[in-house]
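Each remark here refers to the structure printed beneath this line.
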Amino acid sequence: MMLLFTLALTLIPSAWFYSTHESTIAPVLPAATGGPQFTAVTLNLAKVTDVDAIVRELPPADLYLFQEVIRTGDGVPSVAERIAGKLGFQVTFASPDGGKTESGIAILSRFPLSDTKIHAIPQIRLVFRSRRRILLASTVETPAGKVRVICAHLDTRINPGDRLRELAPAIEDTRSFGGPALIAGDLNTNDMQWMSHVVPVPWPGWQASRVRELMAQNGFHTPFQNRRATFDHLGMQLDWIFLRNVAASNARIVPIQFSDHHALVAVIGPAGA
């Protein structure tokens with residue numbers, strides 16, 4: 001115990017630096033008035049399988065990005081695919097596990113999907129409960145034009161350096177696309193610095209600020225500027241929507257009864273001048 005306490009003390013100066021150094025976080029872009037818009041929602045489904053309960057509570061949207069999507073086995077539709085069937089949406093689903101999974105991610109769209117890609121994330125050994133991770137990308141033909149959409153669910157017990165490396169394939173994908181882009185999902189920006197991926201040292205805001213800086217450096221901003229809880233436990237802000245070359249005219253966070261995460265809702269259209 002004394003060793004862990006000593007190690008925690010050695011991390012405080014670096015945590016202080018990362019939480020207090022000058023920020024390069026991008027300002028929110030204004031949305032154009034009167035232009036075409038679509039509504040996007042990102043939500044961690046928390047492994048819930050009751051499709052009717054999910055559909056009843058989902059905020060209305062044109063585009064959904066889901067994490068922790070269950071599929072019970074090979075040849076069986078995932079929960080996301082079943083939701084898409086009820087909504088009449090197009091859907092693309094992916095899992096790092098194959099067959100049975102609790103780690104699926106999905107993009108559901110009222111509009112056509114194309115050029116879907118799965119990006120593998122190099123696995124990080126977390127001592128226990130290590131998981132393989134992927135990113136899911138697709139181009140969506142929205143009323144505001146083609147938008148490259150990437151759904152992400154990153155590891156929990158990692159520090160910003162690893163978290164930024166997990167986001168790198170998403171950044172590269174959108175850079176290759178060149179046009180408007182949306183990266184969203186459960187980025188797990190918890191308020192901890194992790195010692196050996198096991199011992200947490202509380203430090204609010206550190207992980208989120210580093211992610212926001214990375215996104216700003218690559219032309220992304222978020223309409224969720226002020227810290228607000230997106231997760232029931234400890235009031236942490238784990239979930240995000242980041243936009244490039246489009247903007248949100250309205251954004252809100254909606255508590256969801258069936259999940260321990262909240263839904264992020266953004267009404268998105270062309271960026272204003």
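Across the range 106-131, which residue is modelled with the highest pLDDT among those that are farther than 17 Å from ARG148 by Cα and within 16 Å of the chain's Cα centre (by Cα)? Top of the filtered list is ALA120. When SER103, SER138 are checked against the criterion of being small (Gly, Ala, Ser), in a strand (DSSP E or B) and at pLDDT 95 or above, a single residue qualifies: SER138.
Yes/no matrix, rows are residues, columns are (1) surrounded by 22 or more Cβ atoms within 10 Å (Cβ to Cβ); (2) modelled with pLDDT of 95 or more:
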site	(1), (2)
GLU172	no, yes
ILE183	yes, yes
ASP191	no, no
VAL201	no, no
ARG210	no, no
ILE241	yes, yes
ALA248	yes, yes
SER259	no, yes
ALA271	no, no
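For the range 155-164, the condition of being crowded, with 22+ Cβ neighbours inside 10 Å and aliphatic (A, V, I, L, M) holds for none of the residues.
The number of residues in the range 59-80 that are surrounded by fewer than 20 Cβ atoms within 10 Å (Cβ to Cβ) and under 27 Å from PRO143 (Cβ atoms) comes to 3. Residues of the range 101-123 that are in contact with a Ser or Thr (Cβ under 6 Å, 6 or more places away or on another chain) and of a type in the set (D, E, K, R): ASP115 alone. Contact map, the range 251-266: first residue in contact (Cβ under 8 Å) with a residue 24 or more places away in the chain and assigned to a loop (DSSP other than H, G, I, E, B), second residue charged (D, E, K, R) and buried (at least 20 other Cβ atoms within 10 Å of the Cβ), Cβ cut-off under 9 Å, separation 6 or more or different chains; pairs are SER259/GLU68; HIS262/ASP239. Looking across ALA137, ALA168, ALA144, ALA80, one residue alone is of a type in the set (A, V, I, L, M) and in contact with a Lys or Arg (Cβ under 6 Å, 6 or more places away or on another chain). It is ALA137.
The values are calculated or read from the model by the stated rules, or taken from the named source; none is laboratory data. In this text, all values refer to a predicted model and were calculated from it rather than measured experimentally. Methodologically, a virtual Cβ is constructed for each residue, glycine included, from the backbone with ideal geometry; neighbour enumeration extends over all protein chains shown.
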